[in-house]
1. Can you check how the C-alpha radius of gyration of the protein assembly as shown compares to 2.2 N^0.38 Å, as a plain ratio?
2. Under 20 Å from a point 7 Å along the Cα-to-Cβ line of B:Q72: which residues of the stretch B:130-149 have their amide N that close?
3. Roughly speaking, to the nearest percent, how much of chain B's 1.4 Å accessible area is carbon and sulfur?
4. Per residue of B:17-27, count partner chain C-beta atoms within 10 Å of its C-beta, then hand back the mean as an integer.
5. At a probe size of 1.4 Å, how large is the accessible area of A:W8, to the nearest 10 Å²?
6. Using a 1.4 angstrom probe, figure out how much accessible area the protein assembly as shown has per residue, in square angstrom, rounded to the nearest whole.
7. In the stretch B:202-279, what trypsin sites (Lys or Arg not before Pro) fall in a loop by DSSP, with at most 14 other Cβ atoms inside 10 Å?
8. Simple spin-label model, 7 Å along Cα-to-Cβ: B:T267 to A:R223 in nm?
Amino acid sequence: MGESLNVWGLIAEATTAVQLVMLILMAASVTSWVMIVQRWMVLNAAEKGMFSFEKRFWSGMDLSQLFREGSSKQKENQATGGMENIFRAGFKEFMRLRQQGGIDSEVVMGGAQRAMRVAYSREEEKLEKNLTFLATVGSVTPYIGLFGTVIGIMNSFISLASQAQASLQVVAPGIAEALIATAMGLFAAIPAVVAYNRYSSRVDSITGNYSTFTEEFSSILHRQLYSSPSK
Amino acid sequence: MRVFNGYPVSIIASVLFHGLVLLALFYFQQANTEVIDIVRPPSVKALLVAENPQEKNAELQQQRETQRVQEQRREEQRRQEQARAEAARVQEQQRQEAEQQAAQERAVVQQRQEQERRQAEQQRVVQEQRQREEQQRREAEQRRQQELAAQQEAARQEQARQEQAQREASAAAEVARTEAERVMAYSAIIHDLVQQNWSRPPSARNGMVAVLRIRMMPTGDVLEVEVVQSSGDFAFDRAAESAVLRVRRFTELQGMDIRMFDRNFRTLLLTFRPQDLLN
């Protein structure tokens with residue numbers, strides 16, 4: 001296998017340090033791909049839930065009925081979308097404060113908005129989870145690969161120095177083996193960087209929608225608070 | 001509340017993806033190695049084809065031997081033919097003489113004596129003639145036998161000579177076998193040196209053959225280089241010539257047994273041919 005100079009032979013004959021580097025890079029690549037797929041699914045689900053909830057919300061449905069639907073959904077152990085969670089947090093706080101009575105409408109409004117902000121940041125955190133890992137893989141794996149390459153080339157030059165007759169055949173396998181490390185680093189980094197950029201822009205657009213919805217919903221609550229005859 | 005995460009699916013997907021990539025790499029590698037085996041760039045080597053001088057000498061000797069034998073045979077034939085012609089001529093002369101004699105006698109008898117006596121005379125003459133013819137024939141026979149004997153003798157001699165030559169040749173071959181390895185080593189050295197100094201011109205093509213004759217001193221100095229067989233490309237011939245001239249002295253040949261040197265390296269034929277060229 002060593003004679004035919006293929007990648008497997010090279011990896012099998014590489015020095016321990018280079019093999020370790022390759023192992024790390026492999027693990028990083030696998031993990032980053034797990035993240036890529038998982039984030040992709042999560043973001044898709046979030047977008048889908050967001051659109052369907054927006055549709056229902058603007059269909060002129062009664063808000064308390066919408067809230068009850070969500071509650072029954074949660075009882076059935078079904079996931080509720082991010083936007084729905086914000087709505088539920090704000091609406092629950094609003095109703096609770098209103099039912100207590102004797103509370104200033106400003107305070108009711110402020111409480112509802114605070115609850116929605118909390119829910120918003122929780123949702124944002126959910127969406128952005130693991131994206132930093134992708135960013136780290138994207139920026140660090142080329143360096144790890146480079147490290148492996150440098151070590152491999154160092155080793156091959158050391159072995160070259162001990163040879164009486166320096167020929168390309170002595171150095172070539174070592175350098176090829178070292179370059180495999182760089183290749184693996186790039187192989188791990190490129191998808192990670194692409195996915196990170198793509199996903200962070202998607203997260204931005206989704207959270208943008210969330211905050212817009214928050215504003216709209218609080219304006220609805222505001223209207224409801226002031227249009228209804230105060231007791 | 002169950003939060004959607006999809007980790008199991010994504011782990012499976014990721015592992016599958018990497019497995020596929022590795023598999024693809026594996027197969028491509030195999031294909032690549034095969035391809036590499038086929039399209040491996042030929043190392044451009046400038047080779048001198050080994051020319052074993054001893055073999056050549058033996059060949060030359062054999063050639064000479066066969067030539068000599070052929071010549072001998074031809075001479076033998078010529079001699080035989082001459083002898084045969086000689087014999088025929090002698091016979092003819094004798095017969096003519098006899099006829100003349102008979103005619104003279106017949107004339108004398110006619111002139112002097114009667115017919116009976118003449119007839120008897122004639123009979124006698126005829127008898128005599130027959131006797132003479134008989135004698136001639138016997139002589140011819142004898143001569144032919146002699147001829148045959150001589151021929152056999154010659155054949156025997158020739159055979160003996162051939163046997164001797166064979167014996168000599170085999171003895172020489174035995175000597176050569178003890179020498180052969182050394183000669184091979186020396187000629188390998190010469191080839192290496194010349195090859196190192198040979199820079200092949202770009203006009204060289206596959207199938208070009210240039211044969212050079214080198215005359216050397218026992219010190220290894222090159223006395224003379226001569227193109228015996230041109231490759232048809234002047235630059236190629238020149239390059240081969242200058243390769244030998246650049247070596248100038250084969251110092252390794254110094255201290256060689258002088259007889260061996262004379263036999264094998266005094267004049268040496270070197271064959272230059274480019275090999276492994278793509279075009």
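The values are calculated or read from the model by the stated rules, or taken from the named source; none is laboratory data. Being a predicted model, the structure only gives us computed values, none of them experimental. All Cβ positions, glycine included, derive from the backbone under ideal geometry; neighbour counts span all protein chains shown. Keep in mind that these areas ignore ligands, DNA and RNA; they rest on the heavy atoms of the full protein, side chains included. Shrake-Rupley method; radii C 1.70, N 1.55, O 1.52, S 1.80 Å.
1. 2.40
2. The answer is B:147-149.
3. 49 percent
4. 2
5. 70 Å²
6. Normalised by residue count, the accessible surface of the protein assembly as shown is 63 Å².
7. B:R205, B:R248
8. With each label placed 7 Å out from Cα toward Cβ, I get 12.0 nm.
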